[in-house]
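Working notes for the structure below.
Where a number appears in this text, it was derived from the coordinates with a stated rule and is not lab data. Because the structure is a prediction, the values reported are computed rather than measured. Cβ atoms come from the backbone with ideal geometry, glycine included; neighbour counts cover every protein chain shown.
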Amino acid sequence: MQISITLLYGGALALVFLVLSIRVIQGRGGKDGPSLGDGGNPMMLRRIRAHGNFAEYVPIILVLMGLLEASGTSPWIVHALGASLLVGRLFHGYTFAFSEYFAFGRIAGILLTLLALLAAGGLALWTGVNAL
């Protein structure tokens, strides 16, 4: 059983998570940076939410992608799930961790992420029911 497609997207997403983590760490640096929370700084709050939002959505979708890939789902479908998730998280992460306002990035980011979640969840449910 190989899950090389999921590994590809998992690796790319890990690098995005690393960048988001560094943005939070940078916001905490210096004498004025909060050691906990956002310290009332709106940009710090945005960085924290970009990081947290990533951590909330990405793991379950990657797990579902891996299970789908291992169950024999078409590689193109797994790639579509991974690409949707990766592009969505790039848009969302950029919007919250690197800009003050980028409405398109926020909307596109969450829509692509939710599309990946819906499709992966639905396909996993369908595949599981049909395997019974």
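Per-residue ellipticity at 222 nm, computed for the chain from helices alone with -39500 (n - 2.57) per DSSP H run of at least four residues, works out to -28500 deg cm²/dmol.
Computed over every Cα-Cα pair of the chain and binned at 10 Å starting from 0, the pair-distance distribution P(r) comes out as 13, 39, 27, 15, 5, 1 percent.
For the chain, a crude dipole built from +1 on the beta carbon of Lys and Arg and -1 on the beta carbon of Asp and Glu, taken about the Cα centre, is about 300 debye to the nearest 20.
Summing charges over all other residues whose Cβ lies under 14 Å from the Cβ of Glu56, with Lys and Arg as +1 and Asp and Glu as -1, gives +2. Ordering Met1, Met44 by the number of other Cβ atoms within 10 Å of each residue's own Cβ, fewest first, gives Met1, Met44. Contact order for the chain, expressed relative to its length and based on alpha carbon pairs under 8 Å spaced 6+ residues apart, stands at 28 percent.
Fully extending the segment from Leu125 to Ser35 would add 28.2 nm, taking 0.36 nm per residue of separation and subtracting the current Cα-Cα distance.
Taking the centroid of alpha carbons for each part, segment 1-34 and segment 101-132 are 21 Å apart. Sorting Phe98, Phe54 from the fewest to the most surrounding beta carbons within 10 angstrom yields Phe98, Phe54. Neighbour counts of C-beta atoms inside 10 Å place Val129, Val19 in the sequence Val129, Val19, starting with the fewest. Normalising by the residue count of segment 19-85, find the relative contact order in percent from Cα pairs under 8 Å and 6+ residues apart. Taking the mean separation of contacting Cα pairs over the length of segment 19-85, I get 24 percent.
Picking from Asn41, Val78, Val24, whose Cα lies most toward the positive end of the charge dipole for the chain (charges on Cβ: Lys, Arg +1; Asp, Glu -1)? The residue sitting most towards the positive pole is Asn41.
Among Leu68, Leu15, Leu86, determine the one that fluctuates most according to a GNM of the chain built with springs between C-alpha atoms less than 10 Å apart. Highest fluctuation of the listed residues: Leu15.
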